[in-house]
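These notes concern the structure reproduced below.
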Amino acid sequence: MCGFYEFMRGIKKIALFGPQGSGKGTQAEMLAKKYKLNVLATGDFFRKEIKKGSDLGKLAKKFIEKGKLVPDVITNRVIFDELGQKKYLAGFILDGYPRNLNQLDFLEKNFGLDIIVQLHIDDKMVIKRLGGRRTCPNCGAIYHLENNPPKKDGICDICGADLVVRSDDRPEAIMRRLWIYHEQTEPILNKYAKEKKLIKIDAKPHIEKVYEKIIGQLEKK
Ligand code: ADP
Ligand code: ZN
């Protein structure tokens with residue numbers, strides 16, 4: 001058993017796992033703030049590159065739109081370049097990486113991981129959460145028809161643009177991403193469970209509740 005300070009001294013390389021819609025991104029940001037670590041979210045990284053119109057963005061876009069993984073050679077290169085930066089020296093929180101065994105090998109060879117947090121929700125819930133998601137194509141704000149609706153139907157509260165369904169939030173893409181998660185990403189968890197580095201959390205409750213549970217478990221490790 002150890003508290004906050006022991007935790008800070010010992011564990012610094014964290015990865016969050018969970019299917020789309022498990023609240024991974026939100027939790028990553030909250031943990032980053034608490035432990036003063038930087039988050040690297042590969043999905044966000046690719047979306048930024050797409051917005052910039054860079055070559056990398058153009059390449060990644062073709063895969064992302066279809067709900068496919070960006071090829072490992074590209075993604076691993078991004079991880080290598082990003083995590084090599086000074087701001088990640090004290091550690092990092094990964095959101096969305098590694099996603100298959102090949103990426104896992106690459107990460108272990110180059111950087112390693114101390115703790116893996118798995119946010120668990122079932123497929124039905126994922127489909128419900130993602131199906132209701134609406135995104136602002138202009139400013140990036142995210143809404144949910146049930147949990148966090150915009151004030152005016154279909155309009156962004158912040159900038160007034162028309163909201164859209166992200167192409168990878170369409171039903172076919174959701175199903176494909178879920179399949180990839182079960183087939184390719186979940187096997188990674190077995191490895192870490194054996195090494196006793198895995199924390200499994202029920203991600204159904206409210207954000208704050210899930211966050212408290214993660215913190216509690218992390219500081220017990
Ligand atoms: P979600 O968790 O909802 O899939 P992300 O923002 O994590 O959303 O990722 C969006 C897309 O970016 C993925 O569907 C995939 O195409 C691409 N991507 C993100 N991370 C990786 C990764 N580690 N390897 C390959 N592709 C990735
Ligand atoms: Zn907006």
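Bear in mind that the values in this text are calculations on the coordinates, not laboratory data. This is a predicted model, so every value here is computed, not measured. Neighbour counts are summed over all protein chains in view; Cβ atoms, including those assigned to glycine, are modelled from backbone coordinates with ideal geometry.
Worth pointing out:
- If R0 is 45 Å, the Cβ-Cβ spacing of Lys48 and Lys194 corresponds to a FRET efficiency of close to 0.80.
- q = 0.13 Å⁻¹, the range 177-221: log10 I(q)/I(0) [Debye, one scatterer per Cα]: -0.38
- Greater than 21 Å apart at Cα, pairs in Lys128/Lys204; Lys48/Lys204; Lys24/Lys109; Lys124/Lys204; Lys124/Lys200; Lys124/Lys191: Lys48/Lys204; Lys24/Lys109; Lys124/Lys191
- Contact order for the range 62-213, expressed relative to its length and based on alpha carbon pairs under 8 Å spaced 6+ residues apart, stands at 30 percent.
- Under the simplified labelling scheme, the Glu108-His120 pair shows an inter-label distance of 2.2 nm, with each label point 7 Å from Cα along Cα→Cβ.
- Neighbour cut-off at most 13 other Cβ (10 Å), DSSP loop, trypsin sites (Lys or Arg not before Pro), the range 165-196: Lys196
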